[in-house]
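One structure is given here, and the rest of the page talks about it.
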Amino acid sequence: MNDEVAPYLPEVEKGLHLIPTQATEHAGQVDHLYFALVGASAIILLMVVGLIAFFGFRYRAGNKTANRSNLPSTRTENRVEIAVLAAMLTVFMGFFAWATTLYLDGYRGPEPAMTIDVVGKQWMWKIQHPDGTREINALHVPVDEVIQLRVTSQDVIHSFFVPAFRIKRDVVPGTEKTAWFRATEPGEYRLFCAEYCGSFHSRMLGKVVVMDRGDYQAWLTRQGSGRTLATAGKQLFEAHGCSGCHMGKSSVRAPSLDGIYGRSVALQSGEVILADEAYIRDSILQPDKHVAAGYEPIMPSFAGQLTEEEILRIVAYIKSLQPGDWVKASVNGN
Ligand code: CUA
């Protein structure tokens, strides 16, 4: 279960890298362009500095061997200047064409095998797979498949950045952009928010988990069985009386839980916490550990009253609740 929610600093891409890991073909192509540009710039820099040094030394004051009287006039050397400039222009126009092709390539990929939705939000990444599986701060994908991402933001501007894929897309509220990648190596790769988006921008981290096809299918199936767990959890939720307070059927004021999973919760302590699985679990077993702002710490602990399996089911149920679910339920009278 721990692999579903990335810690703030994921233990991925260990070790020291001169450049980020290359986990897609596109990454390799971007790096070729980068090193070619650095190489060409270095050659030109050496030429310029070399010539300055050469002339500075040869025509220095007091050097009797250099004959200044028959220096060529600048006019006669125009052709050399034009030739050098034309050569440089050609080289850099070549780079321009190369870079533009690569840039457009990053937008217009091959036909995708699947499209995954990514929503940026202060301060997390919410992911939804085509089958409805949801995850936070982690993106599980199969290896060697063209994955298209549809990215948007729920609040402010974020930026979806996976260095190992050489992908960065600004995530702008009210717009939907796409990005694509085909990961070549199974593994875990860092996901950053690369646009300052408020107090916890630096914690808006995640990971991309690239899996073998079979592992990915197994993972999806496990997520799917999470939905059956949720059905069992709903019964426990009602049997243990959780619904009494949390669904507003008594005078006790308790936070509504539909859509809580993945939300930022303001606590009485002034802290803001991500409502992940660990938070939901803590709230069941140690309700006074993180009291939501505006509520009294009156909920009893359910430690000892629920087995580990029952806790898993209840957590799965709370996770499955979408915003507004309970409003719909009360309108439909169930
Ligand atoms: Cu989101 Cu920075």
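The values are calculated or read from the model by the stated rules, or taken from the named source; none is laboratory data. Source: prediction; values computed, not measured. Here Cβ is always computed from backbone atoms with ideal geometry, including for glycine, and neighbour counts include all displayed protein chains. Remember, those area values only see protein heavy atoms, side chains included, never the ligands or the DNA or RNA. Shrake-Rupley method; radii C 1.70, N 1.55, O 1.52, S 1.80 Å.
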*Considering the chain as a Gaussian network with a 10 Å cut-off on Cα pairs, which listed residue, Q322, Q128, Q223, attains the greatest mean-square fluctuation?*
Q322
*Taking the Cα atoms only, what angle lies between the long axis of helix 213-239 and the longest principal axis of the chain, rounded to 10 degrees?*
30 degrees
*Of A138, A218, A23, which is the most mobile in a GNM of the chain whose springs link Cα atoms less than 10 angstrom apart?*
A218
*Of V252, V291, V141, which has the largest mean-square fluctuation in a 10 Å C-alpha GNM of the chain?*
V252
*Using only Cα atoms, find the angle between the long axis of helix 25-58 and the longest principal axis of the chain, and express it within 0 to 90 degrees, rounded to the nearest 10.*
30 degrees
_When each of K121/K289; K121/K168; K168/K289; K168/K234 is checked by Cα-Cα distance, pairs over 28 Å_ = K168/K289; K168/K234
*Share, in percent, of DSSP beta bridges within the chain that are antiparallel, nearest 5*: 70 percent
*Per the 1.4 Å probe, what fraction of the accessible area of the chain, in percent, lies on carbon and sulfur atoms?*
60 percent
*Around A179, with a cut-off of 13 angstrom between Cβ atoms, what is the net charge of the other residues, counting Lys and Arg +1 and Asp and Glu -1?*
+3
*asked:* I'd like the accessible area for I280, computed on protein heavy atoms only with a 1.4 Å probe and all protein chains in place. Round to 10 Å², please.
replied: 10 Å²
_Rounding to the nearest 10 and keeping the result within 0 to 90°, find how far the Cα-based axis of helix 308-320 lies from the longest principal axis of the chain._
70 degrees
